[in-house]
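S.K.: My questions will all concern the structure given below.
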Amino acid sequence: MAFQPIVDVANGAVWAHEALVRGMQGQGAGWVLGQVTDSTRYAFDQSCRIKAIELASALPMNGARLSINFLPNAVYKAEACIRATLAAARRTGFPTDRIIFEVTENERVVDHDHLKSIFNEYKRQGFLTAIDDFGSGYSGLNLLAEFQPDIIKLDMELTRNIDTERARRSIVKAILAVCEDLAITPIAEGIETVEEAKALRDLGVTLMQGYLFAKPAFQSMVTELNLAGLTA
């Protein structure tokens, strides 16, 4: 696993660390996921959750949340698959109310009712829920209409060059209005320039993630953030 921080630019603190799967030689998530088959998907998903919690509990989180990606098509029954997650959290002493489960919009969801039941069960157990890569995937606003997570993460295709492109600003502004109306916390992903960060901050987004602040740290937590140009 590698961990990349989600930064609160309002106070310069790490709000959460996202656990990102890596290969034994440091290969990226795409390479790893390419090795997963239908027959290994469930076991892989379970192993990633447990590994992320075990590592995070042994690293200096300093009160930050832990964000874990999950594969919705790997979850057969939410009540059953969540047992190992809860057991790992209890065994390591990691608070469940500091765990976020992200589902990526880039994975085609076969059964939306099933995904809704997963989210409802996670919320019932005290976990936070998030839609990752929002605005880039298969379902878009239809997914959000069916169930409302605690968090949506605006995909980098929406935030890239938002400081210079009026259309992107207008779209993001509209999504943020929906988030406010539905009491959903927005996070901007893929931030690479100070100008992008400032434009998003001006729109009211304070939680951001991207190479501007820090790249993922393999088997460790980022301890130094780049906030140059944002603290004034």
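S.K.: Report, ordered by the first and then the second residue, all pairs with beta carbons closer than 6 Å, sequence separation of six or more or different chains, a first member in the range 42-69 that is under 20 Å from Ala130 (Cα atoms), and a second member that is part of a loop (DSSP other than H, G, I, E, B) and open to solvent by 50 Å² or more (accessible area, probe 1.4 Å).
M.R.: From the range 42-69, no pairs qualify.
S.K.: Going by what's in this entry, would Arg98 be described as at pLDDT 90 or above, of a type in the set (Lys, Arg) and out of contact with any strand residue (DSSP E or B) (no Cβ under 8 Å at 6 or more places or on another chain)?
M.R.: The answer is no for Arg98.
S.K.: Give the residue that is most open to solvent (accessible area, probe 1.4 Å), with candidates limited to residues of the range 142-167 that are assigned to a helix (DSSP H, G or I) and either under 15 Å from Glu189 (Cα atoms) or touching a Cys at 6+ places or on another chain (Cβ under 7 Å) (or both).
M.R.: First, pick out the residues of the range 142-167 that are assigned to a helix (DSSP H, G or I): 142-146, 156-159, 166-167.
When the remaining residues are screened for being either under 15 Å from Glu189 (Cα atoms) or touching a Cys at 6+ places or on another chain (Cβ under 7 Å) (or both), the result is 156-159.
Working: Met156: 84, Glu157: 111, Leu158: 21, Thr159: 0 Å².
Per the stated criteria, the residue is Glu157.
S.K.: Ok, one more. Just give me the residues in the range 119-136 being open to solvent by 30 Å² or more (accessible area, probe 1.4 Å) and either at pLDDT below 80 or closer than 13 Å to Leu71 by Cβ (or both), in sequence order.
M.R.: Gly135, Ser136
S.K.: For the range 105-118: of the residues being out of contact with any helix residue (DSSP H, G or I) (no Cβ under 6 Å at 6 or more places or on another chain), under 14 Å from Asn69 (Cβ atoms) and surrounded by 14 or more Cβ atoms within 10 Å (Cβ to Cβ), which is modelled with the lowest pLDDT?
M.R.: Glu105
S.K.: Among residues belonging to the range 168-187 that are within 16 Å of Asp150 (Cβ to Cβ) and of a type in the set (A, V, I, L, M, F, W, C), point out the one that is surrounded by the most Cβ atoms within 10 Å (Cβ to Cβ).
M.R.: Ile187
S.K.: Given the conditions (1) crowded, with 17+ Cβ neighbours inside 10 Å; (2) touching a strand residue (DSSP E or B) at 6+ places or on another chain (Cβ under 7 Å), which single one is not true for Phe218?
M.R.: Among (1) crowded, with 17+ Cβ neighbours inside 10 Å; (2) touching a strand residue (DSSP E or B) at 6+ places or on another chain (Cβ under 7 Å), the lone unmet condition for Phe218 is (1).
S.K.: Only one of (1) at pLDDT below 95; (2) closer than 16 Å to Asn11 by Cβ is not met by Ala145, so which one is it?
M.R.: Every listed condition holds for Ala145 apart from (2).
S.K.: Moving on. State all residues of the range 199-232 that are in contact (Cβ under 8 Å) with a residue 40 or more places away in the chain, outside any loop (DSSP other than H, G, I, E, B) and over 27 Å from Ala56 (Cα atoms); if no residue qualifies, say none.
M.R.: Leu200, Arg201
S.K.: Search the range 188-215 for residues being among the β-branched types (Val, Ile, Thr) and more than 20 Å from Pro149 (Cα to Cα), and hand back the single one that is most open to solvent (accessible area, probe 1.4 Å).
M.R.: For the range 188-215, the residue satisfying everything is Thr193.
S.K.: What number of residues in the range 1-20 are within 14 Å of the chain's Cα centre (by Cα) and among the aliphatic types (A, V, I, L, M)?
M.R.: Residues flagged as within 14 Å of the chain's Cα centre (by Cα) and among the aliphatic types (A, V, I, L, M) within the range 1-20 amount to 7.
S.K.: Can I ask one more? Does the range 61-73 contain at least one residue that is among the aromatic types (Phe, Trp, Tyr) and either surrounded by fewer than 14 Cβ atoms within 10 Å (Cβ to Cβ) or modelled with pLDDT of 90 or more (or both)?
M.R.: No, the conditions are met nowhere in the range 61-73.
S.K.: Taking Ala167 and the conditions (1) more than 20 Å from the chain's Cα centre (by Cα); (2) touching a residue at least 12 places away in the same chain (Cβ under 8 Å), which numbered condition does it fall short on, given that it satisfies the others?
M.R.: (2)
S.K.: Do we have Ala2 as under 22 Å from Gly93 (Cβ atoms) and open to solvent by less than 10 Å² (accessible area, probe 1.4 Å) here?
M.R.: no
S.K.: Turning to a different aspect of this structure: Among the numbered criteria (1) surrounded by 12 or more Cβ atoms within 10 Å (Cβ to Cβ); (2) in contact with a Ser or Thr (Cβ under 8 Å, 6 or more places away or on another chain), which one does Gly93 miss?
M.R.: All conditions pass for Gly93, except number (1).
The values are calculated or read from the model by the stated rules, or taken from the named source; none is laboratory data. None of these values were measured; they are calculated from a predicted model. Reconstructed Cβ throughout: ideal geometry from the backbone, glycine too, with neighbour counts over all protein chains shown. Accessible surface is based on the protein model in full, side chains and every heavy atom, while ligands, DNA and RNA are left aside. Shrake-Rupley method; radii C 1.70, N 1.55, O 1.52, S 1.80 Å.
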